[in-house]
Amino acid sequence: MTCAGTNDAKDAVDAREDIAREEARRHALGASVATVAAASILASATPVEAITENQMLFLEAWRAVDKAYVDKTFNGVNWFRLRETELKNGDLDDTDETYASIRAMLKRLDDPFTQFLEPEKYSSVTERTMKADVSGVGIEMGFGDDKSVVVVAPTPGGPSAEAGVAAKDRIMAVDSAPTAGKSLYEIADELSGPQGSKVTLTIDRDGKKRDIDVKRRRYTVVPVTSTTCDVAGDKKIGYVKLSAFNQVSGAKTKEALKALKADGVDSFVLDLRDNVGGLFPGALEIARALMNEGTIVYIADSNGERDVFEADRTALDADTPLRVLVNKGTASASEVLSGALQDNRRAVILGEQTFGKGLIQTLVPLSDGSAVSVTVAQYRTPNGTDINKIGITPDEPLPKDASGADVVPSNAADFCAYARESPDIFL
């Protein structure tokens, strides 16, 4: 069980030091002023009035946002004045009141991905993030424009996918408890439970509500599968299904590409449908395996570009024709990879508009074991497209049935059978 924002917290690890250094320079003056202000408070206070542990915890959370938040206008909030007001007049007498004050402060940003995590929730998130062998319902979540909880995609082969949960379903309730107003971490906790137990999701699909029972169980995420499809005219299509970006995705994808290339394939098909993302470095590694030069992605804040990631002339194959399959469950790191291959004219993108999850979060631990999830940047494609809430527009659609569903299979054996019937789509 993962949730959007959690995976992207991992995505931001490699960029985090650069972000921190840049923000340190940008806020050098502000930091000096803050230090002087804090010193003044301490100097003027009597021992009884000295700054408390709860005030220090609040300041830690405030500073985590001040240092790296993507929107330097802070949603129109005077961030320094908010700090001073809360320290002077806020309810910071005990831990619960301090947590409530931190939540209220973050709510002012109107960003559902910037959230406060109590110690037990932070511990739970760090324990389950990116495990290959996991137990749960197998679902990735995000927020819609109306801040309702939206399924980015169910994990292929996981219990939610088998139960019939689909990308873009809105989760209205978990075991009859409404999801409105809750963080993704709170909903993740509600979806968690003993292996073998059942949880009921009330979903809204195209305006129609229905209940779906999902049985929690252990399942294995297989990030990469591949095969060679022999089609008419003595042609070969190399099919690679990439289901997730975890610690081994880049290496496994390159192994698959090498094997297919050695098999003499005439084209590659990289299937990113229902791939909700994961570890950002995996997208970079695969892009560099498929293109020798060009920009892969920009990481930018509201003030403009922060970092640029480029191809490095180490491609395994920069020439064999490439088709990339996407759908509305293609998100985050998958959109980074799709956008890089499309904008550099390395691949033809087939399918439907992708999800549009282009924000990067990082988890900042606080001194008492709690943490703040902070939106620190956003992805932009080489042509400057902001992925968030927009996604990647395909070059061509895939064939659909009468109900509008994609008819191209997403497992190796069935894909080859389909490709033998319609090879021209993939060559």
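The values are calculated or read from the model by the stated rules, or taken from the named source; none is laboratory data. Bear in mind that the values here come from a model prediction, so they are computed numbers and not experimental data. Backbone-built Cβ (ideal geometry, glycine too); neighbour counts: all protein chains shown.
A few notes on this one:
- Of everything in segment 371-407 that is within 21 Å of the chain's Cα centre (by Cα), outside any strand (DSSP E or B) and among the small types (Gly, Ala, Ser), the residue that is farthest from Arg103 (Cα to Cα) is Gly384.
- Members of segment 149-206 that are touching a Pro at 6+ places or on another chain (Cβ under 8 Å) and either acidic (Asp, Glu) or farther than 12 Å from Ile139 by Cα (or both): Met172, Ser183
- Thr385 vs. criteria of a type outside the set (Lys, Arg), in contact with a helix residue (DSSP H, G or I) (Cβ under 9 Å, 6 or more places away or on another chain), surrounded by fewer than 21 Cβ atoms within 10 Å (Cβ to Cβ) and touching a residue at least 24 places away in the same chain (Cβ under 8 Å): yes
- Some residue of segment 269-279 being among the polar types (S, T, N, Q), farther than 29 Å from Thr155 by Cα, under 23 Å from the mean Cα position of the chain (by Cα) and surrounded by 16 or more Cβ atoms within 10 Å (Cβ to Cβ): no
- Residue pairs meeting the criteria (Cβ under 7 Å; at least 6 apart or on separate chains; first touching a residue at least 24 places away in the same chain (Cβ under 8 Å) and in the same structural domain as Ile299 (by TED's automatic domain parsing), in segment 320-345; second among the β-branched types (Val, Ile, Thr) and assigned to a helix (DSSP H, G or I)): Leu337/Ile286
- Residues in segment 266-305 that are of a type in the set (Gly, Ala, Ser) and either closer than 18 Å to Leu316 by Cβ or in contact with a strand residue (DSSP E or B) (Cβ under 8 Å, 6 or more places away or on another chain) (or both): Ser267, Gly277, Gly278, Gly282, Ala283, Ala287, Ala289, Gly294, Ala300.
- Cβ pairs under 8 Å, 6+ apart, first in segment 224-250 and buried (at least 21 other Cβ atoms within 10 Å of the Cβ), second in a strand (DSSP E or B) and modelled with pLDDT under 90: Ala244/Gly278; Phe245/Gly278; Ser249/Gly278
- Residues located in segment 384-427, provided they are farther than 30 Å from Thr295 by Cβ and β-branched (Val, Ile, Thr): Val407
- Number of residues in segment 242-289 that are under 21 Å from Pro321 (Cα atoms), part of a loop (DSSP other than H, G, I, E, B) and either in contact with a helix residue (DSSP H, G or I) (Cβ under 7 Å, 6 or more places away or on another chain) or not assigned by TED's automatic domain parsing to the domain that holds Ala333 (or both): the value is 1.
- Check on Ser123, touching a Gly at 6+ places or on another chain (Cβ under 9 Å), among the polar types (S, T, N, Q) and either at pLDDT below 90 or part of a loop (DSSP other than H, G, I, E, B) (or both): yes
- Hey, Asp368 at pLDDT 90 or above and out of contact with any Asp or Glu (no Cβ under 9 Å at 6 or more places or on another chain) or not: no
- The one condition in (1) part of a helix (DSSP H, G or I); (2) touching a Leu at 6+ places or on another chain (Cβ under 9 Å); (3) small (Gly, Ala, Ser); (4) modelled with pLDDT under 90 that Ala20 fails to fulfil: (2)
- Verdict on Asp204 being over 18 Å from Val276 (Cβ atoms), in contact with a Lys or Arg (Cβ under 8 Å, 6 or more places away or on another chain), in the same structural domain as Tyr418 (by TED's automatic domain parsing) and of a type in the set (Asp, Glu): no
- Qualifying positions in segment 181-198 - under 24 Å from the mean Cα position of the chain (by Cα), farther than 21 Å from Phe355 by Cβ and of a type outside the set (Ser, Thr, Tyr): Gly181, Glu186, Asp189, Glu190, Gly193
- Number of the condition not met by Arg380 [criteria: (1) under 25 Å from Lys67 (Cα atoms); (2) at pLDDT below 90; (3) buried (at least 16 other Cβ atoms within 10 Å of the Cβ)]: (2)
- Taken over segment 171-217, the criterion of being more than 16 Å from Pro112 (Cβ to Cβ), among the polar types (S, T, N, Q) and in contact (Cβ under 8 Å) with a residue 40 or more places away in the chain is satisfied by Ser192, Gln195.
- Flag if Val165 is in contact (Cβ under 8 Å) with a residue 40 or more places away in the chain, surrounded by 21 or more Cβ atoms within 10 Å (Cβ to Cβ) and part of a loop (DSSP other than H, G, I, E, B): yes
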